[in-house]
1. Packing-wise, with mean Cβ within 10 Å as the measure, how do 149-160, 77-88 rank, highest first?
2. Please list 49-57, 17-25, 103-111 highest first by mean number of surrounding beta-carbon atoms within 10 Å per residue.
Amino acid sequence: MATPERSGGVGMSRILIAEDDVNIASFIQKGLHSAGFVTTHVADGGTALLLARGGGFDLVILDIGLPLIDGFEVLRQLRAEGLRLPVIVLTARDGVEDTVAGLEGGANDYVSKPFRFAELLARIRVRLQEAGPPPAAGDAGMRLEHGDLLLDLRTRRAHVDDRVYDLTAREFGLLEMFLRHPGQVLTREQILAHVWGFDFDPASNVVDVYVRTLRKKVGEARIHTVYGQGYRLP
């Protein structure tokens, strides 16, 4: 049964998530909602095929190991019917044969579990841009701003005053999360789940390490430590 959920944006891209693992589906939905997308979740291939055929979606995240109809067959039928919406195949099978089968079957991209949400989000944005007209220069929907700090979602660069900084994938994911939740205290666990993925070690100090590297680029004072809780963009 489909479970649609909406984020706050009007006219935002709609993504169909076909995934039978409830925890993984919830993880993806929460991340996509934070990034401003509208999502619908289904847990079997038959429902995924029905909704994808009906239109109204801009992209499909498709697990291979779905009940009723597996992801490969869903993809095969969509492409046989001429439906060209972008499909990102999501699977625990990371062998070469499955990768080739997914791509040759018409998938636009392929992400293996476990994965980092920042990686999945970057792939989603690339496929959506490829599928539609490029955004207009200066499109506010492709940048996040807070004071004199700007993050360009297309170039993945941070602009601070008149300086521009290239970011690693995890620095980008971390800064994007702060900019989408200004003033909110983000715990290390929340940051780990969003940027590093559902397969993380809660005892790791990797968040603190990357906050330090990010501060060196955007400024020490821009990310506050809330002792005993986490970090906040004031």
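1. The packing order, highest mean first, is 149-160, 77-88.
2. Packing proxy ranking, top to bottom: 17-25, 103-111, 49-57.
Here, each number is a calculation from the coordinates, and none is a lab measurement. Note that the coordinates shown come from a computational prediction; the quantities given were computed from them, not determined experimentally. Methodologically, a virtual Cβ is constructed for each residue, glycine included, from the backbone with ideal geometry; neighbour enumeration extends over all protein chains shown.
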